[in-house]
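What follows is a single structure, written as structure tokens, with notes after it.
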Amino acid sequence: MFQTQHLKLETEQESKMAILKHGSNLGLLFLLALSVGSLPFLAESAVKKYKFDIQVKNVSRLCNAKPIVTVNGMFPGPTIYVREGDRVLIDVTNHAQYNISIHWHGLKQQRNGWADGPAYITQCPISTGNSYTYDITITGQRGTLWWHAHILWLRATVYGAFVIMPKLGTPFPFPQPYLEANIVLGEWWNSDVETLVNQANKLGLPPQASDAHTINGKPGPLFPCSDKHTYALEVESGKTYLLRIINAALNDELFFAIAGHSLTVVEIDAVYTKPFTTTAILIAPGQTTNVLVKADQAPGRYFMAARPFMDAPIPVDNKTVTAILQYKGIPTTILPSLPTLPLPNDTNFALSYNKKLRSLNTPLFPANVPIKIDRHLFYTIGLGANPCASCLNGTQLTASLNNITFVMPKTGLLQAHYFNIPGVFTPDFPDRPAVPFNYTGVPLTANLRTSLGTRLSKVAFNSTVELVLQDTNMLTVESHPFHLHGYNFFVVGTGIGNFDPIRDPLKYNLIDPPERNTVGIPTGGWAAIRFRADNPGVWFMHCHLELHTMWGLKMAFVVENGKSAEESILPPPPDLPPC
């Protein structure tokens, strides 16, 4: 009735499964590398090769069939398995009608923004019929990341996991799991997503919310026509499993839980954490969380479930997606039990959960938090409305940082910076808003116009930066997951209300703050992040709610070269897509 899956090894032979279960740890890791099915892969080499064919395929969900953009005809796309220190070459060929680019979310891409992927930021997109090879070296990172399309709303179906195994002989800093599995959370629309978005933009309004959430592309049996579209993970009593959880949803933060089982958080955004146990996790779009789950309950069938967290008056797809944790030998006729998820507006759970996240901070995995800060930045996050003669009500909803709505260029910003092409951007993004106000007071519904521009912030190489991201009550407060390309950062402080530059820094955690690449800004609150600007290039920073990114809630940093060639941007590859 339900499809059962170990480690995404649906197509692997039983002999491989036997080695996986009973063989050495090295055998486990080797077979993990082989588990990508038919993809070309050099498991014995430090160079791993993948072929991504962007192609349209008809897919059926919720009693509806529609063409979607996929990688290799798979939804979700293939998992990339590499090891820390590897070089990976991903040859992307575009057979679809849309221009495409792929972002390798959370990979630092040291000096190599050409492989980062956001369209018109570090490259122009790959046009129909053309190819581009992303050449990535994995340096100083291990854990769960992911990849996704970074143009239009194509990441609704173009996404997959990116798993970095530790170097050979390097164990996890937590108990070795028996097996592991990817849990990729997504969204599904019955209609064509790009058509919905285009129609909404003509009206100046948001497109409709998704029709379902998915786990590994499947909505689960609480949805119509979905018994066969249910992910199931078979487990053995007494064994411990590592779940690599990714939120690939476009617009929803999600709670996730497993009925009857506790989750031990051991990693976020490919950084090990101090382990803690919880009944549920909160994960924002763009974030990853690794948890250990022990199969220590009465053998049976238990629902894994996810639904949105939204503590602001914003409409969301509030339905519950489910998958099944299935104990070995239990008949599929047994009805699973549902977990008790936090209420959709449970702010207290969200704040409490995020406070528990701390870096491991050991000699092997230190938390190198910048203490002396060279540059203090303060960015306000706001919604707005600009005149639009063709839109409903004559206005177009927008979003902004420091009241600036980002305008996407027609030339890649990294090319413009590297080749000194004039007229593409200005390096004058303000360090703070032009007019301070009571950011989180009563809702502001007047003077909602924003300024438009392709304005970037220039940062000196190796300087230390503190950025406070402040939510505002322009139209409404809302939680915003912010992602910085090219870097991890430390979340040294968060709070509700307006940031106090005198009192709030006294409460910063500068010892073991969580290190990540995507931070959730609390609804009507703020978050302070710190990073060292030691990666030269042009690096995008944006809200990972696709709606807000489309509306202009984004900007980019130009990190200047250092003094030597080793501190400077690498030259562009010869096959970089032209603009």
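Data overview
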{"item": "Net lengthening on full extension, Leu222/Asn420 (0.36 nm per residue, minus Cα-Cα)", "result": "65.8 nm"}
{"item": "Phe489, Phe419, ranked by accessible area, largest first (probe 1.4 Å)", "result": "Phe419, Phe489"}
{"item": "Dipole-positive endmost among Leu263, Pro342, Gly238 within the chain (Cβ charges, Cα centre)", "result": "Gly238"}
{"item": "Cα centroid separation, region 158-202 to region 340-417 (Å)", "result": "20 Å"}
{"item": "R0 of 22 Å, Cβ-Cβ distance Val435-Leu475: FRET efficiency to nearest 0.05", "result": "0.80"}
{"item": "Where labels lie 7 Å past Cα in the beta-carbon direction, separation of Asn190 and Leu89 in nm", "result": "4.6 nm"}
{"item": "Charge dipole (region 375-567, unit charges on Cβ, about Cα centre) - positive-most of Phe499, Ala416, Met541", "result": "Ala416"}
{"item": "Rounded to the nearest 10 Å², the accessible area of Cys543 at probe 1.4 Å", "result": "0 Å²"}
{"item": "Accessible surface ranking that places the most exposed of Thr362, Thr380, Thr279 first, with a 1.4 angstrom probe", "result": "Thr279, Thr362, Thr380"}
{"item": "Net lengthening on full extension, Lys355/Arg375 (0.36 nm per residue, minus Cα-Cα)", "result": "4.6 nm"}
{"item": "Cα gyration tensor shape of region 472-579, rounded if a/c is under 1.5, else prolate or oblate by comparing a/b with b/c", "result": "oblate"}
{"item": "Lysines whose Cα lies under 16 Å from that of Lys356, excluding same-chain neighbours fewer than 8 positions away", "result": "Lys274, Lys507"}
{"item": "Computed P(r) (all Cα pairs; region 270-368; 5 Å bins; percent)", "result": "2, 10, 17, 19, 17, 15, 11, 7, 2, 1, 0"}
{"item": "Cα-centre dipole for the chain with unit charges at Cβ (Lys and Arg positive, Asp and Glu negative), debye to 20", "result": "300 debye"}
{"item": "Residues Ala312 and Arg449, FRET efficiency given R0 of 25 Å [Cβ-Cβ distance, rounded to 0.05]", "result": "0.65"}
{"item": "Protein accessible area in the chain, 1.4 Å probe - carbon and sulfur %", "result": "56 percent"}
{"item": "By average C-beta atoms within 10 angstrom, highest first, the peptides 425-438, 296-309", "result": "296-309, 425-438"}
{"item": "Residue-averaged 222 nm ellipticity for the chain, from DSSP H runs of 4+ at -39500 (n - 2.57), nearest 500", "result": "-2500 deg cm²/dmol"}
{"item": "Fully extended contour minus Cα-Cα distance, from Asn393 to Gln97, at 0.36 nm per residue", "result": "103.3 nm"}
{"item": "Centroid-to-centroid separation of region 478-542 and region 250-300 [C-alpha atoms, Å]", "result": "22 Å"}
{"item": "Cα shape, region 375-567, gyration tensor, a/c 1.5 rule", "result": "oblate"}
{"item": "The chain: C-alpha gyration tensor shape, a/c 1.5 cut-off, then a/b vs b/c", "result": "rounded"}
{"item": "Entries in Lys49/Lys410; Lys228/Lys319; Lys108/Lys239; Lys66/Lys410 that, when Cα-Cα distance is taken, lie over 22 Å", "result": "Lys49/Lys410; Lys108/Lys239; Lys66/Lys410"}
{"item": "Dipole of region 43-169, positive end: most advanced residue of Gly143, Tyr120, Trp153 [Cβ charges, Cα centre]", "result": "Gly143"}
{"item": "Accessible surface, region 174-356, averaged per residue in Å² (probe 1.4 Å)", "result": "34 Å²"}
{"item": "1.4 Å probe accessible area per residue over region 375-567, in Å²", "result": "38 Å²"}
{"item": "Unpartnered cysteines - no second Cys beta carbon under 4.7 Å - across the chain", "result": "Cys543"}
{"item": "Pairwise FRET efficiency - Lys328 versus Asn58, Cβ, R0 = 51 Å, nearest 0.05", "result": "0.90"}
{"item": "Sequence of Thr445, Thr170 from largest to smallest accessible area, 1.4 Å probe", "result": "Thr445, Thr170"}
{"item": "Among beta bridges that DSSP assigns inside the chain, antiparallel share in %, nearest 5", "result": "70 percent"}
{"item": "Region 43-169 - accessible surface per residue (Å², probe 1.4 Å)", "result": "30 Å²"}
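The values are calculated or read from the model by the stated rules, or taken from the named source; none is laboratory data. In this text, all values refer to a predicted model and were calculated from it rather than measured experimentally. No Cβ is skipped: glycine too gets one built from the backbone with ideal geometry, and neighbour counts run over all protein chains shown. Heavy atoms of the whole protein, side chains included, go into the accessibility calculation; ligands, DNA and RNA do not. Shrake-Rupley method; radii C 1.70, N 1.55, O 1.52, S 1.80 Å.
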